[in-house]
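The block underneath contains the structure these notes are about, expressed in structure tokens.
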Amino acid sequence: MPPAPRVAVVGSANTDLITHGERFPRPGETVFGQRFEISFGGKGANQAVAARQCGAEVVMIAKVGSDLFGTATIRNFSDFGIDTSHVYVCEGAATGAATVFVEPNGQNRILVAKGANDELRPADIESVAAVLAGVDVVLVQFEIPLATVYHTVALAKRLGIRCIVNPAPALPADLAALTAADYFIPNETEAELFTRAPLSTIEEALACARLLGLKGFRKVVLTLGERGSILAEAESAVHFPAAAVQPVDTTGAGDAFIGSFAVFLAEGLCDRDAIERANLYAALSTTKPGTHRAFPQRAEFDTEWKRRGVRVRRAGATDAAAVSALLVANGIGHGGALVGNWELPEIQMRIERGDSIYMAEESDRLVGILVTEERARATNPRIAAMLNAWPGSAGAYVYGPVCVDSAARGKGILAKLYEQLARDRPGGEAILFIRSSNELSLKAHLRLGLREVAQFELAGERYRVLSSA
Ligand code: RIB
């Protein structure tokens, strides 16, 4: 067995006072909540526990108060098997406390009194340089003084240790002091603060992540809650949709993402594989209330990862070659059913101009592709004939081609590709054509709920037109 990854967390530990209620009170108003509980939290502590639950050896560098909560916090870390040799008790200070309000849809609002977390100083981090020198990854967040965050990033750089900065909660900060980090992982609120860019659509989020990259970060991972996450590096930005779950409490989901991401990276996975797994780990953490107790153990996660099998995401620039290869292999020239030009320059051009091309992957192997195109951009004569026969409603777009690797047929891959598209373009009308002789494709699309709306003929071949409207 390979040795367990070693993770150090420089960060906060809080006591979370969690109230579940129907809605947040307005100023001057009192409302009843449904349920209250006290649990262990804090962004640093949550990330440490997530990393530990994923199988890492974890050392926590933090400060707690000289109160009952401080003692209990240290015991909680020990119970999880986290090294507490560098969790210091700060005389006279209170342990950090977070008042958390959770709405029925799992959304939360959090008010933090930092207490002892604010006493974790650069000198404390310098004094554990030898400990940090021995780990694979260092994680740091913004619930401790920013000077300490900057110092940790600089120290990790000096020691050559991979460093992940999670700028949470959102605070104005000197970004230049953070760009030495290997990964910068904000959520939507934090990214908005640093860029002032809108984040309503996935396109805007991709642009925002790229913008953060331009501020000097080598790799930006933008977490988007139930919309998944984005990896931006150099010129490219790729969206990874979230795993579908029924959330009951999203508190700490971002922390679960970061703690697990650190472990997957330290195990040697590439960024994309680590992000896809962290997306699922974070999603699973929202299916139970609270934070630490809601973070799944590694064995539970691995079982769920295998069970979910096929995953779908949008292709980015670095996927162009794989996308082109699968489409070409399924082209009419190779005995397949796809018509059109799917050579690499065509795919590169489409990805570059922002077309949504969905990829289905199973155990990291590309098994399906769904291409979409905006009506105004289409140049193919078959598409022109199709739009002539059925122009579609405002906002309609061209669907297809779609192809599933022959070895992966019968696993619902077409449905998974289509589900993701429908999630990304709710209410949009997909229009496609199918050769009349391709009975299998016709049946598969009718099963998805598309309906035949027109027919056309071109160069002696008859085509049927289907619409999702
Ligand atoms: O990210 C969630 C955490 O934020 C909570 O556990 C709370 O303590 C606050 O730090």
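The values are calculated or read from the model by the stated rules, or taken from the named source; none is laboratory data. The model shown is predicted, which means the values in this text are computed figures rather than measured ones. Cβ sites come from the backbone with ideal geometry, for glycine too, and all protein chains shown count toward neighbours. What goes into the accessible areas is simple: the full protein's heavy atoms, side chains included, and nothing from ligands, DNA or RNA. Shrake-Rupley method; radii C 1.70, N 1.55, O 1.52, S 1.80 Å.
Okay, here's what the table says:
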item: Spacing of the two label points (7 Å from each Cα toward its C-beta) at Gln455 and Thr379, in nm; result: 3.2 nm
item: Relative contact order (%) - region 301-435, alpha-carbon pairs under 8 angstrom, separation at least six; result: 25 percent
item: For the chain, projected area of the alpha-carbon convex hull averaged over all directions, nm²; result: 24.5 nm²
item: Relative compactness, region 387-469, computed as alpha-carbon Rg over 2.2 N^0.38 Å; result: 1.10
item: Contact order relative to length of region 338-389, as percent, for alpha carbon pairs under 8 angstrom and 6 or more apart; result: 24 percent
item: Mean projected area in nm² (Cα convex hull; one quarter of hull surface) for region 71-228; result: 10.7 nm²
item: Region 1-115: projected area of the alpha-carbon convex hull, averaged over directions, in nm²; result: 8.7 nm²
item: Relative contact order %, the chain, counting alpha carbon pairs below 8 Å whose residues are six or more apart; result: 10 percent
item: Pairs of Lys in the chain closer than 30 Å at Cα, counting only those 8 or more apart or on different chains; result: 27
item: Within the chain, percent of DSSP bridges classed antiparallel, to nearest 5; result: 60 percent
item: In Å², nearest 10: area of Asp174 left accessible to a 1.4 Å probe; result: 80 Å²
item: Positive-end residue of Ser229, Ala329, Phe194, charge dipole of the chain with Cβ unit charges; result: Ala329
item: Environment charge at Arg293 (Cβ cut-off 12 Å; Lys +1, Arg +1, Asp -1, Glu -1); result: -3
item: Ser229, Ser441, Ser78, reordered so the largest accessible area comes first (probe 1.4 Å); result: Ser78, Ser441, Ser229
item: Rg/Rg_globular for region 142-301, with Rg_globular taken as 2.2 N^0.38 Å and Rg from C-alpha atoms; result: 0.99
item: Residue order for His334, His292, His86 - accessible surface, 1.4 angstrom probe, largest first; result: His334, His86, His292
